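Working notes, beginning with the structure itself.
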Amino acid sequence: MNAQQAKILIGLALIGGSASACAGSFEAETDAASPVALRIQTLVDANREYPRWESFPRAANETPASAEVAARVQGLTGAGASLLSEADRIEWTLGDPAALANEITARVDAQQISPVTAETQAEVEAFAEQTRRRAEAPPPIDRTPAPSGDGPR
């Protein structure tokens, strides 16, 4: 456990050291003898702090007025009431649930069933019992040592 922690710390130290070495190699160096050196340094100094939070536009405050909220609530209430009245005008054909269940049962009973589904409960139970018998473990092996004169068992 301690060796693993030591490896992790050494790895982090190596990564940190290489990152600082790389950062130093990316520092901008301007040749002072260059004719554009002064212009480049002026642009770099002017934009060193960019972007500032002040440079970004402020988010619009879109809190609706209470009158607008009230109007929206009234609109939703009216839409809900009209939907409820539409639902009341629908002629529901389901009727009595018991009668519907009897009708469905009669339609199912009228259909021919396949021979496989026509197996009786006794046939299903016999198959289950046969499967249980096949799943029984064999008797245990006698592991008592044989008498010395008899030989292997």
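The values are calculated or read from the model by the stated rules, or taken from the named source; none is laboratory data. Keep in mind the model is a prediction, meaning the values are calculated, not measured. Every residue, glycine as well, gets a Cβ built from its backbone with ideal geometry; the counts of neighbours run over all protein chains shown. Note: areas computed on protein heavy atoms with side chains; ligands, DNA, RNA excluded. Shrake-Rupley method; radii C 1.70, N 1.55, O 1.52, S 1.80 Å.
Brief remarks follow.
- Check on T93, surrounded by 10 or more Cβ atoms within 10 Å (Cβ to Cβ), among the polar types (S, T, N, Q) and at negative phi: no
- Count of segment 49-68 residues, restricted to those that are assigned to a loop (DSSP other than H, G, I, E, B) and of a type in the set (D, E), is 2.
- Filter pass, I113 being out of contact with any strand residue (DSSP E or B) (no Cβ under 6 Å at 6 or more places or on another chain) and open to solvent by 90 Å² or more (accessible area, probe 1.4 Å): yes
- Any hit, segment 69-78, residues being touching a residue at least 12 places away in the same chain (Cβ under 8 Å) and part of a helix (DSSP H, G or I): no
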